[in-house]
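See structure below.
The values are calculated or read from the model by the stated rules, or taken from the named source; none is laboratory data. Only a predicted model underlies this, so the values are computations on that prediction, with no experimental measurement involved. Here the Cβ is made from the backbone with ideal geometry for all residues, glycine too, and neighbour counts use every protein chain on show.
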Amino acid sequence: MNPYRVGRSRDYVGARHASPLQPKIQNSKLPLKHLAVIGLAFLFLEGCATFSQNMVPVRDSLIAGDIPKAVADFKKISAGKDDLLHMLQQGYLSQLSGDWLDSNNAFDAAEKRYEELYTVSISNEVFSLLTSDNSRPYRSNEQEMALIPYYRIFNYLQLGKADDAMVEARKANDKHKVDLTQTEKMGERDIRFKAFLNYYTGLLFASRGENNDAIVSLRTAFKLYRLGNTKFSLPVPRWLPADYYDAAIQVGLKDEVRRLSDPYPEIAAMASKNHHNNVILFLESGFVPYREGIDIFLPILKTDDDKEAAKTYYKKYGGDIYAYQARPPKLDQFLRISYPKLTMFPSAVASMKVVLPNGESLSTERGLNLGIETDLQFKQDSGDILLRTFIRTLAKQGTLKSAQDSSKGLGDLMNIFNVATEQADTRSWLLLPERIDLVKASVPAGTASLTVKFLDADGNVVEEKQVPVNPQAHGLQWITVRCFK
């Protein structure tokens, strides 16, 4: 079985094929409101395949190294209410295909849609309480949206639009601001992605001679990486101190230069060596963890207050919710909920190296671990998801009881509706890499290519790529390399 397929439960598949029950609805004397609810159920079941399920062929094609087929597979998928998610995936696939303009257009549309979705649709929220969170439009999160400038800056540089790249970098820093007086209050998720984003924009500004912008970004990146290193062992990229030191010299900040010289006695030599680096590579590998739907079975609490019962369930079972995946053998009645579980996507890559024409091998530095970021984001979101799931499931139980009291036929139909529509929300930007490493190098003029090696834990080559380069005496060439294994 493919480890990242998000399968449907047997109950759900069976419910989807319950169409022979429809004639009974037409001939019944059920109240109009009950007919409307059941009508919604069959409407909902029309598009039962989730976005995650639809994306499986796309990811399979990428793993096989067939990007054109991945793009073709993706074009078969309808965006629907998940148009924001569709735009994000399209933007990334277009970049992989080298279509920088289409990639930027898709990301631009995604940002606009993200802003529109701040206005919550009341009808969508109500419908999600009747069915599942999947009926709500996909809204994305700050972590995913922060990756748009990472990719779009690269696109602009490939298009030869350095000024547009810097505008994008300034927008990114403004949207994801960091108050350096309040860093101790920042969570791990924010520290990680904002440290990387500021280093990325700082490198761009420095390479274009925009020293005032560079010092702000590099100072922020340095302080966040150092804070992260103290709090949760976040490695500081080895070039960053020298990049920060050099920017401080360029704008005449003697106090900052002095403060950097104490912990890094060799920093002046490091900065001098940094001046000769003319290529920077961002190496992406693996895939971020994915969400799969898990059925949870809990004892039914005796209460008439659904909201209070939801809070009780959350308090009693929320901390260990995945321990209740097995259907209780001694209970005739139980509360069944469908809840997402984050699952790691297996990657063979443990480290990366870049081999220069003279045979010198350069190890990379971890820039951003999106696997950890995704896990932190899921933990942040999971409380609200679980409480909302309890409230919805208990409301459905109440509706089912009322329907059963009305008639057996209606009770059966409502049971089908409840089972069919109780699906975990497994949507996410599935194509993102698990990690982004970086390496800066000094490459002799006239070099046509570099060798990039993706290695497993034992140092064996998982994948080797020859990467075209065009090094210049001055400036910094930006290159991304992707391994899907």
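Candidates N155, N141: the one that is within 22 Å of E116 (Cα to Cα) and either touching a residue at least 60 places away in the same chain (Cβ under 8 Å) or hydrophobic (A, V, I, L, M, F, W, C) (or both) is N141.
The set of residues in region 442-469 being over 29 Å from the mean Cα position of the chain (by Cα), surrounded by 18 or more Cβ atoms within 10 Å (Cβ to Cβ) and outside any loop (DSSP other than H, G, I, E, B) consists of L450 alone. Of the set (1) modelled with pLDDT of 95 or more; (2) in contact with a strand residue (DSSP E or B) (Cβ under 8 Å, 6 or more places away or on another chain), all apply to S132 but (1).
The residues listed here are L159, L147; of these, the one that is buried (at least 22 other Cβ atoms within 10 Å of the Cβ) and out of contact with any Asp or Glu (no Cβ under 8 Å at 6 or more places or on another chain) is L147.
Looking across region 428-485, just one residue is in contact (Cβ under 8 Å) with a residue 60 or more places away in the chain, in contact with a strand residue (DSSP E or B) (Cβ under 6 Å, 6 or more places away or on another chain), farther than 30 Å from D83 by Cβ and among the hydroxyl-bearing types (S, T, Y), and that is T451.
At negative phi, touching a Cys at 6+ places or on another chain (Cβ under 7 Å) and either modelled with pLDDT under 95 or not small (G, A, S) (or both), is that true of V349? Yes, satisfied. Would it be correct to say that L93 is surrounded by fewer than 17 Cβ atoms within 10 Å (Cβ to Cβ) and either touching a Cys at 6+ places or on another chain (Cβ under 9 Å) or modelled with pLDDT of 95 or more (or both)? Against the criterion (surrounded by fewer than 17 Cβ atoms within 10 Å (Cβ to Cβ) and either touching a Cys at 6+ places or on another chain (Cβ under 9 Å) or modelled with pLDDT of 95 or more (or both)), L93 does not qualify.
Within region 296-335, work out how many residues are modelled with pLDDT under 85 and not in a loop (DSSP other than H, G, I, E, B). So the answer is 3. Is one or more of the residues making up region 357-367 within 30 Å of V461 (Cβ to Cβ), assigned to a loop (DSSP other than H, G, I, E, B) and touching a helix residue (DSSP H, G or I) at 6+ places or on another chain (Cβ under 6 Å)? Checked region 357-367: no residue is within 30 Å of V461 (Cβ to Cβ), assigned to a loop (DSSP other than H, G, I, E, B) and touching a helix residue (DSSP H, G or I) at 6+ places or on another chain (Cβ under 6 Å).
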